[in-house]
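Heads up: the structure comes next, in structure tokens.
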Protein chains: 2
Amino acid sequence: MALDDDWFTEICAESGSAFSLRVKEKLHQEQTRFQRIEIYETERFGTLMVIDGFIMLSDYDNFFYHEMMSHPVLFTHPDPQQVVIIGGGDCGTLREVLKHPEVKRVVQVEIDERVTRLSEQYFPELCEANDDPRAELLFSDGIRWVREADPASVDIIIVDSTDPLGPAEGLFTAAFYRDCFRVLGADGLIVHQSESPLIHQQLIRDMRCAMERAGFPQQLTINFPQPVYPSGWWSATLAGKRGKPTRLRKRACQNKTFPTRYYNYAIHLAAMAIPEFWREGTTESAVVNPVTL
Amino acid sequence: MALDDDWFTEICAESGSAFSLRVKEKLHQEQTRFQRIEIYETERFGTLMVIDGFIMLSDYDNFFYHEMMSHPVLFTHPDPQQVVIIGGGDCGTLREVLKHPEVKRVVQVEIDERVTRLSEQYFPELCEANDDPRAELLFSDGIRWVREADPASVDIIIVDSTDPLGPAEGLFTAAFYRDCFRVLGADGLIVHQSESPLIHQQLIRDMRCAMERAGFPQQLTINFPQPVYPSGWWSATLAGKRGKPTRLRKRACQNKTFPTRYYNYAIHLAAMAIPEFWREGTTESAVVNPVTL
């Protein structure tokens, strides 16, 4: 069946697949200094943001991604006070991070201010914590920000970036991760969105390798559903200065003081399970045993 | 971006979304007594089978579904010897079930013989166990077969059906589950594919309710990725005559004697994790504690 003009379609060339949403209206489009942003009103997925032709988020299902980019790493760190978000201009990750009462300060470094301004306008729910006094929104180059930041000044770095094309390309390199390593404190953790566990296995391997070259001794890739992204299945890769980031503040997690829509303690453990096909050619165990604090 | 004629597209009307695969060639199409079957060669997902316009399976990613429809229920039953598959004409589930050495007999009751004949031709890997002497392939109405089967004669019933439209509609009813209950032995288990955990929440609730009305005291819905199905995320619902089907032969599972591509012990536990949004309006705990045997 052919799709008529009432659909927005994103083609994933590397998997020969495409995902489409039926749209009611194009609400906005602009070419910023960095990229082309489009906003649509869809029939069933609510508002949709598209950057350079790639779906960034929808009202309907962004909770998977934003919760899984924030809560697992936050409950893994023993005392997360200072958090930096690189990218994340839609502010959905920021909102989730600020739900944690231990967090004293979150610096968000988004290169394109227009992403945030459009999110404030079209995704107000995601921006409802932007006025939190603990939040500082910077609009500049995250790579440079990390390069110039004080050593051991940050507990967690969340790299909430677009795909490794265009402005985000430099975020997927050992040079960037090395700067992150330096900026993180002794218990420091980094998490970076790492694309589809099925389609982008080589990218995940390369990212883990780059993190290792940067000094992070071990990595952990977690997986979760994300319907609007290619394959409907997505991942984030964590690494810690002290080793495998499988320490988990179980009691705090089980008694979390805020609502979520996907994440909970059981989902955190589930996200660490390693499919058989990931283990091909490695010695990795299928079972990740969390260390609970 | 519009898709040209080189794509097969399935629209999911209830979610206003569509999934497309780039095709190289249409290999076959026919109208059987029951449904319209099409076979395509895709660019990156291998061979594709479509029934009445809905994607059934692709070479690339059918392993998720077939493994998750078989191994969790097989490792949950304490001694699975007699297995019945209702539907499952592509034989992928049958192949997985026959990997279990405890299984003495599998009866597959597929209503449309053409599905199996085309699978033998176009998906030979899935049919490689069809000649196993333990397998019996029947081509008839699964509802009637279960209605006429001897009481307490089966350990596991796997309902590997299409969506609840057309020939499969009667499989999603309390009347059918009641017949299954009667045919199952005291430790008997049923599993039925239960659509998308995100898009089809009402269907899952209705199915669980129908199973309960049929006599199964508790149900368990497991979830797993399935890129070619709507939302890329799928589920199966298990129910047991003895109660919550969370008993798990841990040692047998951890030492399974056959290869899989997705399933393992950690994945089995992960599939049981209950997302927060499933718990809205229920008293269900997020954590399912498996009982290991």
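The values are calculated or read from the model by the stated rules, or taken from the named source; none is laboratory data. Bear in mind that the values here come from a model prediction, so they are computed numbers and not experimental data. Glycine also receives a Cβ, built like all others from the backbone with ideal geometry; neighbour counts cover every protein chain displayed.
Summary of computed values
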{"read-out": "When residues of the stretch A:195-246 are limited to those that are under 21 Å from A:GLY16 (Cβ atoms) and among the hydroxyl-bearing types (Ser, Thr, Tyr), the one nearest to the chain's Cα centre (by Cα)", "value": "A:SER235"}
{"read-out": "Qualifying residue in the stretch B:276-289 (condition: more than 13 Å from chain A (Cβ to nearest Cβ) and at pLDDT 95 or above)", "value": "no"}
{"read-out": "Cβ-Cβ under 9 Å pairs, at least 6 apart or on other chains, the stretch B:263-279 side in the same structural domain as B:VAL191 (by TED's automatic domain parsing), far side in a helix (DSSP H, G or I) and β-branched (Val, Ile, Thr)", "value": "B:HIS268/B:THR76; B:ALA270/A:ILE267; B:ALA273/A:ILE267; B:ILE274/A:ILE267; B:PRO275/A:ILE267; B:GLU276/A:ILE267; B:TRP278/B:ILE204"}
{"read-out": "Some residue of the stretch B:146-154 being in a strand (DSSP E or B), without any contact (Cβ under 8 Å) to a residue 40 or more places away in the chain and over 26 Å from B:CYS12 (Cα atoms)", "value": "no"}
{"read-out": "Subset tally (residues that are surrounded by fewer than 24 Cβ atoms within 10 Å (Cβ to Cβ), touching a Ser or Thr at 6+ places or on another chain (Cβ under 8 Å) and more than 15 Å from A:THR93 (Cβ to Cβ)) for the stretch A:62-82", "value": "1"}
{"read-out": "Positions within the stretch A:70-109 being within 22 Å of A:PHE224 (Cβ to Cβ), touching a Lys or Arg at 6+ places or on another chain (Cβ under 7 Å) and not β-branched (Val, Ile, Thr), in sequence order", "value": "A:PHE75, A:LEU98"}
{"read-out": "Number of positions in the stretch A:134-163 that are modelled with pLDDT of 95 or more and either of a type in the set (D, E, K, R) or closer than 29 Å to A:GLY46 by Cα (or both)", "value": "15"}
{"read-out": "Residue within the stretch A:116-129 that is surrounded by fewer than 16 Cβ atoms within 10 Å (Cβ to Cβ) and among the aromatic types (Phe, Trp, Tyr) present", "value": "no"}
{"read-out": "Residue in the stretch A:162-199 that is farthest from A:ALA13 (Cα to Cα), counting only those that are of a type outside the set (A, V, I, L, M, F, W, C) and part of a helix (DSSP H, G or I)", "value": "A:ARG182"}
{"read-out": "Any chance A:PRO245 is modelled with pLDDT under 95 and buried (at least 21 other Cβ atoms within 10 Å of the Cβ)", "value": "yes"}
{"read-out": "Residue in the stretch A:85-103 that is surrounded by fewer than 18 Cβ atoms within 10 Å (Cβ to Cβ), more than 19 Å from A:LEU238 (Cβ to Cβ) and out of contact with any Phe, Trp or Tyr (no Cβ under 8 Å at 6 or more places or on another chain) present", "value": "yes"}
{"read-out": "Residue satisfying all of: in the stretch A:22-36; charged (D, E, K, R) and in contact (Cβ under 8 Å) with a residue 24 or more places away in the chain; nearest to the other protein chains (Cβ to nearest Cβ) among these", "value": "A:GLU30"}
{"read-out": "Selection within the stretch A:1-18 - among the charged types (D, E, K, R), more than 8 Å from every other protein chain (Cβ to nearest Cβ) and in a strand (DSSP E or B)", "value": "none"}
{"read-out": "Verdict on B:SER161 being hydroxyl-bearing (Ser, Thr, Tyr) and in contact with a Gly (Cβ under 7 Å, 6 or more places away or on another chain)", "value": "yes"}
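Residue by residue, here is whether (1) in a helix (DSSP H, G or I); (2) in contact with a strand residue (DSSP E or B) (Cβ under 6 Å, 6 or more places away or on another chain); (3) of a type in the set (A, V, I, L, M, F, W, C) holds:
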residue	(1), (2), (3)
A:PRO227	no, no, no
A:ALA239	no, yes, yes
A:CYS253	yes, no, yes
A:PHE258	no, no, yes
A:LEU269	yes, no, yes
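Let's see how each residue does on (1) away from chain A (no Cβ under 11 Å); (2) in contact with a Leu (Cβ under 8 Å, 6 or more places away or on another chain); (3) of a type outside the set (Asp, Glu); (4) within 18 Å of B:ASP155 (Cβ to Cβ):
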{"position": "B:GLU212", "(1), (2), (3), (4)": "yes, no, no, no"}
{"position": "B:ILE222", "(1), (2), (3), (4)": "no, yes, yes, no"}
{"position": "B:SER231", "(1), (2), (3), (4)": "no, yes, yes, no"}
{"position": "B:TRP234", "(1), (2), (3), (4)": "no, no, yes, no"}
{"position": "B:LEU238", "(1), (2), (3), (4)": "yes, yes, yes, yes"}
{"position": "B:LEU248", "(1), (2), (3), (4)": "yes, yes, yes, yes"}
{"position": "B:TYR262", "(1), (2), (3), (4)": "no, no, yes, no"}
{"position": "B:ALA266", "(1), (2), (3), (4)": "no, no, yes, no"}
{"position": "B:MET272", "(1), (2), (3), (4)": "no, yes, yes, no"}
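Residues checked against (1) more than 9 Å from chain B (Cβ to nearest Cβ); (2) of a type in the set (A, V, I, L, M, F, W, C); (3) touching a Leu at 6+ places or on another chain (Cβ under 7 Å):
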residue: A:SER20; (1), (2), (3): no, no, yes
residue: A:GLU38; (1), (2), (3): yes, no, no
residue: A:VAL50; (1), (2), (3): yes, yes, no
residue: A:ASP59; (1), (2), (3): yes, no, no
residue: A:SER70; (1), (2), (3): yes, no, no
residue: A:VAL73; (1), (2), (3): yes, yes, yes
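Yes/no matrix, rows are residues, columns are (1) surrounded by fewer than 17 Cβ atoms within 10 Å (Cβ to Cβ); (2) touching a residue at least 60 places away in the same chain (Cβ under 8 Å):
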site	(1), (2)
A:GLY170	yes, no
A:CYS180	no, no
A:PRO197	no, yes
A:ARG213	yes, no
A:ILE222	no, yes
A:ALA236	no, yes
